[in-house]
Amino acid sequence: MRRDVFQAIADPVRRDIIDLLAEEPLTVNAVAEKFDISRPAISKHLKILNECGIVETVNKGRERHCVIVPKELSRVSAWVEQHRMLWEQKLDSFENYLNELKLKKKEK
């Protein structure tokens, strides 16, 4: 099953894992050591991140390293940017309305 990138970032633990892996690739055990939850729980989160295309697991010798794949995260960035512009327009419009009200109040 292919999951959506927004499912990946919906969970705070997965967001923390993304932050960790954005700094450097880590083994599954190294990721698990950073959290106060079980290794199987971390493995499940990593599996979801992998299914979303955000994390890849690369075999290096006997170790499995988790590597961030930022391409899918660009979809989140584009979505946020789209909505940021919408809200900025609405806030600018509201600010203009408030300024008009102030002017009318001063004229009275």
Legend entry - Residues within region 27-64 that are among the basic types (Lys, Arg) and under 17 Å from residue 3 (Cβ atoms), tallied: 2
Inset, instruction - Go through the residues of region 68-86 one by one and say whether even a single one is β-branched (Val, Ile, Thr), touching a helix residue (DSSP H, G or I) at 6+ places or on another chain (Cβ under 7 Å) and not in a helix (DSSP H, G or I). - result: yes
Legend entry - In region 16-33, residue farthest from residue 69 (Cα to Cα) [restricted to those that are charged (D, E, K, R) and loosely packed, with under 14 Cβ neighbours inside 10 Å]: 33
Inset, instruction - Look at region 1-15 and say how many of its residues are in contact with a Gly (Cβ under 9 Å, 6 or more places away or on another chain) and either surrounded by fewer than 17 Cβ atoms within 10 Å (Cβ to Cβ) or at pLDDT 95 or above (or both). - result: 2
Inset, instruction - Answer with yes or no whether residue 44 is out of contact with any helix residue (DSSP H, G or I) (no Cβ under 8 Å at 6 or more places or on another chain), loosely packed, with under 10 Cβ neighbours inside 10 Å and not in a loop (DSSP other than H, G, I, E, B). - result: no
Legend entry - Number of the condition not met by residue 53 [criteria: (1) in a helix (DSSP H, G or I); (2) surrounded by 10 or more Cβ atoms within 10 Å (Cβ to Cβ)]: (1)
Inset, instruction - Examine region 63-79 for a residue that is surrounded by 14 or more Cβ atoms within 10 Å (Cβ to Cβ), touching a Cys at 6+ places or on another chain (Cβ under 9 Å) and acidic (Asp, Glu), and state whether such a residue exists. - result: yes
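The values are calculated or read from the model by the stated rules, or taken from the named source; none is laboratory data. Because the structure is predicted, anything quoted here is derived from the model rather than measured. For neighbour counting, all protein chains shown are included, and Cβ atoms are generated from backbone atoms with ideal geometry for every residue, glycine included.
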